[in-house]
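I have placed the structure first, in the form of structure tokens, so that the comments after it can refer back to it.
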Amino acid sequence: MNIEHVTLRPVAEDDLPVIERFLMEPQSTAPFQWFGWWDPRRWRRQWAENGLLTDDTGQLMVVRDDEQLGFVSWRKIAATRTTHYWNMGIALLPEARGKGVGTEAQRQLVRYLFAHTTVVRIEADTDSENIAEQRALEKVGFTREGVLRSVVFRDGRWRDGVRYSILRDEIDAGTDASRS
């Protein structure tokens, strides 16, 4: 898969069936993101209300040309009454994994968030056993901060997570973030 053509774009109504797969198909999210069935209309209601983009959260489609590969998301974390940062994540369809798509999509999201918001910090969490995602985050420039013990309940047991972060001054200063 050519990652040069991987881009992010706002979610269109035609993308909702792809996003809904992550709520309704265990095989689309396994092995690290299946937490049981969710309300399949959740995304449609939110999309109708705000296009899945608000001041506090957002989702963008990961696409290659016209092919839908998954989505990236972010949400505001209030650190204090006057400061916040972003927590971001990614969900890729199984056929898009292991090909560099996740690394490229997350790199583009980091550039986008730093270019269009004033935050200084972006963090990402992943399952402690999700080595591929840990490597992808490190390739983007994230720093591993530590282990979050028993932070997620999945598949009948509590699981550890790993937290990563990247700061505004740690991204490639020579990159034109406006293209992302």
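Numbers at a glance
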| quantity | calculated |
| --- | --- |
| Breaking point among (1) open to solvent by 70 Å² or more (accessible area, probe 1.4 Å); (2) under 16 Å from the mean Cα position of the chain (by Cα), for VAL110 | (1) |
| Those residues of the range 1-18 which are open to solvent by 70 Å² or more (accessible area, probe 1.4 Å) and part of a strand (DSSP E or B), in sequence order | ARG9, PRO10 |
| Single unsatisfied condition, ARG21 versus (1) closer than 18 Å to SER73 by Cα; (2) modelled with pLDDT under 90 | (2) |
| Candidate set from the range 113-154 (those that are in a strand (DSSP E or B), without any contact (Cβ under 8 Å) to a residue 40 or more places away in the chain and closer than 20 Å to ALA79 by Cβ); member that is nearest to the chain's Cα centre (by Cα) | ASP125 |
| GLN68 vs. criteria touching an Asp or Glu at 6+ places or on another chain (Cβ under 7 Å), modelled with pLDDT of 90 or more and open to solvent by 20 Å² or more (accessible area, probe 1.4 Å) | yes |
| Enumeration of residues in the range 92-102 that are open to solvent by 20 Å² or more (accessible area, probe 1.4 Å) and in contact (Cβ under 8 Å) with a residue 60 or more places away in the chain | PRO94, LYS99, GLY100 |
| Any hit, the range 29-39, residues being within 16 Å of GLN68 (Cβ to Cβ) and surrounded by 12 or more Cβ atoms within 10 Å (Cβ to Cβ) | yes |
| Residue in the range 155-168 that is modelled with pLDDT under 95, among the small types (Gly, Ala, Ser) and farther than 22 Å from PRO94 by Cα present | yes |
| Counted residues, the range 139-153 - those being out of contact with any helix residue (DSSP H, G or I) (no Cβ under 8 Å at 6 or more places or on another chain) and not hydrophobic (A, V, I, L, M, F, W, C) | 4 |
| Qualifying position, being touching a strand residue (DSSP E or B) at 6+ places or on another chain (Cβ under 8 Å) and at pLDDT 95 or above, among THR29, THR83, THR7 | THR7 |
| Index of the failed condition, ASP55 passing every other in (1) assigned to a helix (DSSP H, G or I); (2) in contact with a strand residue (DSSP E or B) (Cβ under 9 Å, 6 or more places away or on another chain); (3) open to solvent by 60 Å² or more (accessible area, probe 1.4 Å) | (1) |
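The values are calculated or read from the model by the stated rules, or taken from the named source; none is laboratory data. All values derive from a computational prediction rather than experimental measurement. Here the Cβ is made from the backbone with ideal geometry for all residues, glycine too, and neighbour counts use every protein chain on show. Quick note on the areas: whole protein, heavy atoms, side chains included, nothing else; ligands and nucleic acids left out. Shrake-Rupley method; radii C 1.70, N 1.55, O 1.52, S 1.80 Å.
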